[in-house]
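The values are calculated or read from the model by the stated rules, or taken from the named source; none is laboratory data. The structure displayed is predicted, hence computed values, not measured ones. Please note: Cβ atoms are built from the backbone with ideal geometry, for glycine as well, and neighbour counts cover all protein chains shown.
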Amino acid sequence: MIAKLNGIGEQALKDVAEAGSLDALEQVRVAVLGKKGALSEVLKGLGTVTAEERPKIGAVANDWKRKLEGALEDRKAALESVALEARLQSERLDASLPARLPHRGSLHPVTTTTRRIIEICAKLGFDVMTGPEIETEFLNFDAVNIPADHPARDMQDTFFMGPGVLLRTHTSSVQMRAMRSQSWPVRILCPGAVYRCDSDATHSPMFHQVEGLWVDRDVKMSDLKGVLSTLARELFGAEAKIRLRPSYFPFVEPGAEVDVSCFQCKGTPQSGCRICKGTGWLEILGAGMVHPRLLELAGFKDAGSGLTGFAFGMGVERIAMLLHQIPDLRLMFQGDVRFLRQF
Ligand code: PHE
């Protein structure tokens, strides 16, 4: 029996040493030391041996048990450290590699330019008001003195949504909303998208405008000039000057197109200035004194006589293109991050 035990013990030691994984090691343990393992099976025969031999065999069996348990423990620790080492190798990090920086977004030039215009005008007392992009034909055209057969309707090729409903072609559609929703004085600035059926390097079917409207007792053309000069200086620099050229918009009388002196060649006509094409001036907006018919339609009943106003409207992309020297309007709307990242 002792020989049998020794045989089992020797073999088990070998098996332990050869076990290549924790699973294999566990199988070896169960096979020798488990309830139905080889040692237990041999010890079942203890009843058949003499009382004298029994303690000796018991001592040998215990000896092997202890030895094997020790060997199992050691092998287990060795296998675990190999596994850990392998994991550390496979999950190795090089902390000295340069970090991959996340791409930071930036504000679109249309947004920054709009905000800049609002900021400047807010200091002059203008409140921001918005209106819907889907607008009635009435507010976009009729209410700003452009009746159905008026040629000015052709100047702004319109996207119609349905009978009497369209995508607003200008932010002047908000003028009557403003005048009808508040009592005078009205001093609002309306930024927003507008739509015209037009598309090339300088026209986009969707673009942005900012509309200004100031209605109060005795507002004069000189007030308009003052506001626009301030706006031009703040946007284009302290030396910027403006000039008003008579022009026609049905909702103002008199009406003007407003130019700002070229910030590149400082308004000195130079052949070769690419920004102003040598003219010294850049057209930036339309403006004028609110047409009396609009004030009538607005119905400021408590105002009596003497209520006047001015309005102006400008294209935000045009101003952003001038400020940032962006050569093609379409770049603004392509969503190319290489373009956007420059701002
Ligand atoms: N609504 C005009 C346009 O879209 C601009 C404008 C606004 C002109 C206000 C005069 C007064 O071209």
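Flag: Val82 does not match the condition of being in contact (Cβ under 8 Å) with a residue 60 or more places away in the chain, among the aliphatic types (A, V, I, L, M) and not in a strand (DSSP E or B). Assessment of the stretch 210-218 against the conditions (under 27 Å from the mean Cα position of the chain (by Cα), touching a residue at least 24 places away in the same chain (Cβ under 8 Å) and within 16 Å of the ligand (Cβ to nearest atom)) yields at least one matching residue. Residues in the stretch 284-296 that are surrounded by fewer than 17 Cβ atoms within 10 Å (Cβ to Cβ) and within 16 Å of the ligand (Cβ to nearest atom): Pro292, Arg293. Among residues of the stretch 64-77 that are over 15 Å from Asp23 (Cα atoms) and assigned by TED's automatic domain parsing to the domain that holds Val42, none has a beta-carbon under 6 Å from a residue that is surrounded by fewer than 12 Cβ atoms within 10 Å (Cβ to Cβ) and at pLDDT 90 or above at least six positions away or on a different chain.
From the list Pro147, Pro151, Pro185, Pro132, which residue is at pLDDT 95 or above, closer than 26 Å to Leu295 by Cα and surrounded by fewer than 17 Cβ atoms within 10 Å (Cβ to Cβ)?
Exactly one of Pro147, Pro151, Pro185, Pro132 is at pLDDT 95 or above, closer than 26 Å to Leu295 by Cα and surrounded by fewer than 17 Cβ atoms within 10 Å (Cβ to Cβ), namely Pro132.
More than 16 Å from the ligand (Cβ to nearest atom), surrounded by fewer than 15 Cβ atoms within 10 Å (Cβ to Cβ) and in contact (Cβ under 8 Å) with a residue 12 or more places away in the chain, is that true of Thr268? For Thr268, the condition - more than 16 Å from the ligand (Cβ to nearest atom), surrounded by fewer than 15 Cβ atoms within 10 Å (Cβ to Cβ) and in contact (Cβ under 8 Å) with a residue 12 or more places away in the chain - is met.
Listed here are the residues, each with its yes/no results for (1) closer than 19 Å to Ala143 by Cα; (2) surrounded by 16 or more Cβ atoms within 10 Å (Cβ to Cβ); (3) among the charged types (D, E, K, R).
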position	(1), (2), (3)
Asp198	no, no, yes
Thr202	no, no, no
Phe207	no, yes, no
Arg217	no, no, yes
Ser222	no, no, no
Ser229	no, no, no
Ala238	no, no, no
Leu282	no, yes, no
Lys301	yes, no, yes
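Remark: pairs (first residue in the stretch 312-328, at positive phi; second residue of a type in the set (A, V, I, L, M, F, W, C) and away from the ligand (no atom under 16 Å from the Cβ); Cβ separation under 8 Å; 6+ apart in sequence or on different chains) = Gln325/Ile275. Consider the stretch 153-209 and keep the residues that are among the aliphatic types (A, V, I, L, M) and not in a strand (DSSP E or B). The one that is farthest from Arg330 (Cα to Cα) is Met179.
Among strands (runs of 3 or more DSSP E) lying entirely in the stretch 226-335, which contain 2 or more residues that are small (Gly, Ala, Ser) and under 36 Å from the mean Cα position of the chain (by Cα)?
281-290, 307-315
Total residues in the stretch 297-326 satisfying the condition of being closer than 16 Å to Pro185 by Cβ, within 16 Å of the ligand (Cβ to nearest atom) and touching a Phe, Trp or Tyr at 6+ places or on another chain (Cβ under 8 Å): the figure is 3.
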